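The values are calculated or read from the model by the stated rules, or taken from the named source; none is laboratory data. It should be emphasised that the depicted structure is a prediction, and the values quoted were computed from it without experimental measurement. Note: ideal-geometry Cβ built from the backbone for every residue, glycine included; neighbour counts use all protein chains shown.
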Amino acid sequence: MSEGLVHKLEDGRDLSDAEFAVLLEGGCQDSELFLAADGVRRRMYGDKVYIRGLIEFSNYCKNNCYYCGIRRDNASVTRYRLSKEEILACCDEGYRLGFRTFVLQGGEDPHYSDALMCDIVSAIRQSFPDCAITLSLGEKRKESYEALFSAGANRYLLRHETADDAHYRLLHPAPMRLENRKRSLFELKAIGYQVGSGFMVGSPFQTTEDIVSDLRFLQTLKPDMIGVGPYIPHAGTPFSGHRAGALDLTLRVLAILRLMFPCALIPSTTALGSIHPEGRELGLKAGANVVMPNLSPLRVRTLYALYENKICTDEEAAESRAKLERRVENAGYQIVTDIGNVRKHF
Ligand code: SAH
């Protein structure tokens with residue numbers, strides 16, 4: 001029965017909730033699942049791995065998510081902000097290294113008003129007309145998303161974190177609401193962004209049924225990008241005592257997502273590389289086709305700590321890029337210098 005499930009997904013057919021649960025809980029050979037996912041990925045994108053240069057420009061955050069190391073109430077974080085000039089310098093270096101997508105990610109930091117953020121985005125747009133600008137700035141008003149899109153941003157990453165209301169409330173304090181996050185995602189899509197969503201695997205209190213809800217939500221949203229990585233604890237959070245998400249479950253989720261969304265751009269995340277020395281390579285072999293090395297200045301690297309034991313916090317961008325290239329090649333894939341837009345058709 002479990003072998004049939006992989007074939008069903010490969011054929012583009014849907015599974016019942018119970019069938020997804022069987023797959024998630026390891027009811028079929030992982031090797032078979034990963035091979036099928038890799039086959040679909042190769043049919044869609046060959047052996048190409050797209051690189052995105054991540055610029056973590058602020059670790060100030062007005063939110064207080066229980067799982068996140070840069071949450072507002074974590075007083076032990078040394079906070080920093082990058083200036084427009086510093087951000088542009090990261091892009092310059094990234095461009096020289098072959099990056100054609102820049103991802104600006106930060107906490108929800110009111111210092112970056114719409115005017116300032118639009119100014120930064122237009123400056124990047126002007127200097128790098130052949131690049132994609134991806135934003136990951138959390139929840140904003142629709143008008144702000146529109147202004148940023150007009151300024152030249154193309155893509156937006158906003159993980160829904162969990163599609164189950166009760167679970168969402170266990171991960172976030174009262175003012176934050178799943179409904180708002182979902183609404184933002186649909187607004188971003190309507191504006192014309194390529195949209196990425198996703199969730200953490202093994203976040204505290206997560207059940208198999210919650211993950212099935214996540215898959216169902218993604219089926220409704222139909223995102224262009226799907227970011228999924230293991231939850232990893234951070235000592236400065238109320239969840240410090242919870243254990244990290246498991247490697248095998250994360251890989252299964254990645255493979256299932258590749259089978260469900262053949263065209264999606266799916267990163268093999270830094271978090272995955274942080275829980276296992278070959279986590280990112282294993283992620284690629286399970287269907288992921290994107291990696292997001294860090295372009296942030298070395299001096300702020302350790303300060304953007306969403307979780308502990310994050311890898312690559314001590315390497316220059318060029319060094320990270322070169323090492324990653326070898327790792328990707330050893331896993332049987334090729335990094336490409338390409339804007340790497342989503343394929344809309346099979
Ligand atoms: N402020 C932005 C960016 C958040 S950080 C936003 O709200 O979208 C990017 C992602 O890191 C989050 O969406 C979350 O899924 C992930 N993350 C946060 N804390 C984490 C942890 N402890 N372990 C693993 N991933 C984490």
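Things to note:
- Residues within segment 39-73 that are assigned to a helix (DSSP H, G or I) and small (Gly, Ala, Ser), tallied: 1
- Note on segment 270-291: residues that are out of contact with any helix residue (DSSP H, G or I) (no Cβ under 7 Å at 6 or more places or on another chain) and within 16 Å of the ligand (Cβ to nearest atom) amount to 4.
- Of all residues making up segment 204-215, the number that are over 23 Å from Ser136 (Cβ atoms) and in a loop (DSSP other than H, G, I, E, B): 2
- Restricting attention to segment 123-139, the residues being within 16 Å of the ligand (Cβ to nearest atom) and touching a Ser or Thr at 6+ places or on another chain (Cβ under 7 Å) number 2.
- Given (1) closer than 24 Å to Arg79 by Cβ; (2) in contact with a helix residue (DSSP H, G or I) (Cβ under 9 Å, 6 or more places away or on another chain), number of the condition Arg258 does not satisfy: (1)
- Identity of the residue in segment 159-177, in contact with a helix residue (DSSP H, G or I) (Cβ under 8 Å, 6 or more places away or on another chain) and farther than 16 Å from Asn64 by Cβ, that ends up surrounded by the fewest Cβ atoms within 10 Å (Cβ to Cβ): Asp165
- Residue in segment 18-27 that is assigned to a loop (DSSP other than H, G, I, E, B) and in contact with a His (Cβ under 7 Å, 6 or more places away or on another chain) present: no
- Taking the criterion of being within 13 Å of the ligand (Cβ to nearest atom) and either at pLDDT below 95 or exposed (fewer than 14 other Cβ atoms within 10 Å of the Cβ) (or both), the only residue of segment 178-188 that qualifies is Asn180.
- Residue match in segment 53-62 (condition: hydrophobic (A, V, I, L, M, F, W, C), more than 12 Å from the ligand (Cβ to nearest atom) and either in contact (Cβ under 8 Å) with a residue 60 or more places away in the chain or in contact with a helix residue (DSSP H, G or I) (Cβ under 7 Å, 6 or more places away or on another chain) (or both)): yes
- Selection within segment 313-327: residues that are within 21 Å of the chain's Cα centre (by Cα) and part of a helix (DSSP H, G or I). The member of this set that is surrounded by the fewest Cβ atoms within 10 Å (Cβ to Cβ) is Lys323.
A quick yes/no check of all residues on (1) within 12 Å of the ligand (Cβ to nearest atom); (2) part of a loop (DSSP other than H, G, I, E, B); (3) hydrophobic (A, V, I, L, M, F, W, C); (4) at pLDDT 95 or above:
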| site | (1), (2), (3), (4) |
| --- | --- |
| Ala190 | no, no, yes, yes |
| Phe217 | no, no, yes, yes |
| Pro223 | no, yes, no, yes |
| His234 | yes, yes, no, yes |
| Pro238 | yes, yes, no, yes |
| Leu249 | no, no, yes, yes |
| Val253 | no, no, yes, yes |
| Ile256 | no, no, yes, yes |
